[in-house]
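Worksheet for the structure shown next.
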Amino acid sequence: MPNRASDRFVIGLDFGTESGRAIVVRVRDGAELSVAVSPYAHGVITRRAPGGPALGPDWALQDADDYLRATAEAVPRALRAAGVKGERVIGMGTAFTASSPMPAKADGTPLSRVREWRREPHAYVKLWKHHAAQPQADRINQIGRERREAFVETYGGRYSAEWFWAKLLQVADESPRAYAAIERWIEAADWIIWQLTGNERRAACTAGYKAMWRLDAAAPADERGALGGQFPPAEFFRALNPRLANAVGTLLPERYFPLGAKAGGLTAAWAKKLGLPAGIAVAVGNVDAHGAVPACGVTAAEKMVMVMGTSICHLLLGRERRAVEGMCGVVRDGVVPGLQAYEAGQSAVGDIFGWFFQAGVPEAVSREARRRKLTPAAWLERAAGKLRPGESGLLALDWWNGNRSILVDTDLSGLLIGLTLATRPEEIYRALLEATAFGTRQIIEAFEAQGVAVRELYACGGLPERNPLLMQIYADVTGRPIRVPRSPQTCSALGAALHAAVAAGAQAGGHGDIFAAARAMTQLRAKGFQPRAAAHSAYNQLFREYQTLHDYFGRGGNPVMKRLRAQRQLPTEISNAHSSARQRAAV
């Protein structure tokens, strides 16, 4: 449908693991006119910070300046590709990986940009998949349980090493000098909004799901629209590390802003860089997966959205607040107003398949794929699709990057059982696909065991776009139909655009609330994925075997995975010890 003279547009910015992308969206119907992607110059930093020491296992950092470069590159390119003049854009919204916190100075300057700290690993963004803070998460959970802190129930019994406070505690433990230089500890999702508007206004969503903040529904919003809430008391943080006792109120604020609120207007400097009008609405920052829920048209209870990419985030809307084992959090108004929003997830899904394509595909498969003019991944999908459930005799645990839900343990690792000399690559690939589906079913059953219904499934992200076999397996394993949105960008960029339209408001040509935005700007595909009765029956038997392995290796029946991980870390510790000894000798 062609643009009208009266049409207004919004920009959604999605800051992912490897790149930033911008989309231009028409407000009246959600039509996506263009997309532009800008890879991060530093990517994911896993070996060493620029000019700094070697990083240990499970580190994953980013350079905050890459987010600014991606914004400055992607937005103008998206506008040019859409053929939309900047003056017709009424708002911008963002979506970000989380928890990806970072240290900054009081004016918002990233600590990593300060010359003195450029080589310090703790001066950089700790990306969501930075798992080196597991000892700190263990301490948080132990002390939290001893003190019976409310956050323990909010996070399903265990706080994750991936989240806000575990990563700050790691800095305080390992680099007191760097900790002393921090003036703001802030989610990258909130920091980018600060840069675009000049206002440090942090989102209640991220604080609720990652930082132990709990909304006080009885406390009125202040004159800025910020919401009141509570963190654990200072005594709890002091018990973790005395340096953290005064973090709330100094390194981070006590009040937060609701989703869809206007964080401020775009600054004149950024307007000039991007080719947009100064002062247009910039929405409060959002978590990438959370924005996908209304972008799938989901604004009612008992519907679960699976945001499927390198990992999976499961978002479920409910009417009541329940304690569910291993959930990543439950926050009132955390996705849409008026409902409890539950989060769970799997730490690796697409990453597991990517690992197999890189490390496990033999040359014979690559040759056959080339002969058929296919990629190895496409050939494997075709071959795996010809197998019946259980035909390979293989079963896997999907813990290649630890377990996020329901065990919340980054020290767990993957397992593949049933291999023989006759096992073929496509059988292994299918077993990996099935393992991730079993992990999702385990999460669904944990919710339903506590009376939180899951009536409908929706899937968005890169995997539903590229891998129909995977989606059919998920339908067969869960026994539920899966609906897929029209937009390939729904995961986050369209969700960010919806919130931009809400922040701009109806008077400016946007929408009055997220419900109106979702009705006008989203659409589902006519065809989804239906479960097949025979396949579901076969998978029921395999799932019982998966649960046996899950509990045996994940609940302490056999801690061999943890012992092996400890052995893996020994070479790094020995190397660091030798390096320190050499340095002392040189002095």
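The values are calculated or read from the model by the stated rules, or taken from the named source; none is laboratory data. Keep in mind it's a predicted model, so treat the numbers as computed, not measured. We place every Cβ from the backbone using ideal geometry, glycine too, and count neighbours over all the protein chains shown.
Here are a few things to note about the model shown:
- Beta carbons closer than 8 Å, at least 6 apart along the sequence or on distinct chains, pair a first residue in segment 56-67 that is under 19 Å from Gln134 (Cα atoms) with a second that is modelled with pLDDT under 95 and in a helix (DSSP H, G or I) for Gly56/Gln569; Gly56/Thr572; Gly56/Asn576; Pro57/Arg568; Pro57/Gln569; Pro57/Thr572; Asp58/Gln134.
Residue-wise test of (1) of a type in the set (S, T, N, Q); (2) buried (at least 17 other Cβ atoms within 10 Å of the Cβ); (3) out of contact with any Asp or Glu (no Cβ under 6 Å at 6 or more places or on another chain).
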{"site": "Ala323", "(1), (2), (3)": "no, no, no"}
{"site": "Arg332", "(1), (2), (3)": "no, no, yes"}
{"site": "Ala348", "(1), (2), (3)": "no, yes, yes"}
{"site": "Trp355", "(1), (2), (3)": "no, no, yes"}
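- Filter pass, Glu434 being charged (D, E, K, R) and either in the same structural domain as Ile140 (by TED's automatic domain parsing) or surrounded by fewer than 24 Cβ atoms within 10 Å (Cβ to Cβ) (or both): no
- Test: residue in segment 557-574 that is surrounded by 13 or more Cβ atoms within 10 Å (Cβ to Cβ), among the hydrophobic types (A, V, I, L, M, F, W, C) and modelled with pLDDT of 90 or more: yes
- Entirely in segment 426-544, the helices (runs of 4 or more DSSP H) that have 1 or more residues that are more than 21 Å from the chain's Cα centre (by Cα) and at pLDDT 95 or above: 468-478, 495-504, 514-521
- Look at segment 214-225: where a residue is under 14 Å from Arg202 (Cβ atoms) and in contact (Cβ under 8 Å) with a residue 40 or more places away in the chain and a partner is of a type in the set (D, E, K, R) and not in a loop (DSSP other than H, G, I, E, B), sitting 6+ places away or on another chain with Cβ atoms under 6 Å, you get Leu215/Arg332.
- Checking each residue in segment 350-388 for being among the small types (Gly, Ala, Ser) and in contact with a strand residue (DSSP E or B) (Cβ under 8 Å, 6 or more places away or on another chain) picks out only Gly350.
- Residue match in segment 16-25 (condition: without any contact (Cβ under 8 Å) to a residue 12 or more places away in the chain and among the basic types (Lys, Arg)): no
- For segment 156-179, the criterion of being within 30 Å of Ala323 (Cβ to Cβ), surrounded by fewer than 24 Cβ atoms within 10 Å (Cβ to Cβ) and at pLDDT below 95 is satisfied by at least one residue.
- Within segment 109-136, the residues that satisfy the criterion of being hydrophobic (A, V, I, L, M, F, W, C) and within 15 Å of His42 (Cα to Cα) are Ala123, Val125, Leu127.
- Residue match in segment 97-112 (condition: farther than 19 Å from Ser175 by Cα and at pLDDT below 95): yes
- Qualifying residue in segment 417-425 (condition: among the hydrophobic types (A, V, I, L, M, F, W, C), surrounded by 20 or more Cβ atoms within 10 Å (Cβ to Cβ) and farther than 30 Å from Ala295 by Cβ): no
- Candidates Glu162, Glu146, Glu153 - the one that is touching a residue at least 60 places away in the same chain (Cβ under 8 Å), part of a helix (DSSP H, G or I) and out of contact with any Leu (no Cβ under 6 Å at 6 or more places or on another chain): Glu153
- Considering segment 348-397, the residues that are charged (D, E, K, R) and assigned to a helix (DSSP H, G or I) include one that is nearest to the chain's Cα centre (by Cα), namely Asp351.
- Some residue of segment 242-256 being farther than 30 Å from Glu174 by Cα, buried (at least 21 other Cβ atoms within 10 Å of the Cβ) and not charged (D, E, K, R): no
- Output for segment 251-274, where each listed residue is outside any helix (DSSP H, G or I) and without any contact (Cβ under 8 Å) to a residue 40 or more places away in the chain: Glu254, Arg255
- Being crowded, with 24+ Cβ neighbours inside 10 Å and outside any strand (DSSP E or B) holds for only one residue in Pro294, Pro277, Pro337, and it is Pro294.
- Condition check for Val305: farther than 18 Å from Trp191 by Cα, surrounded by 21 or more Cβ atoms within 10 Å (Cβ to Cβ) and modelled with pLDDT of 95 or more: yes
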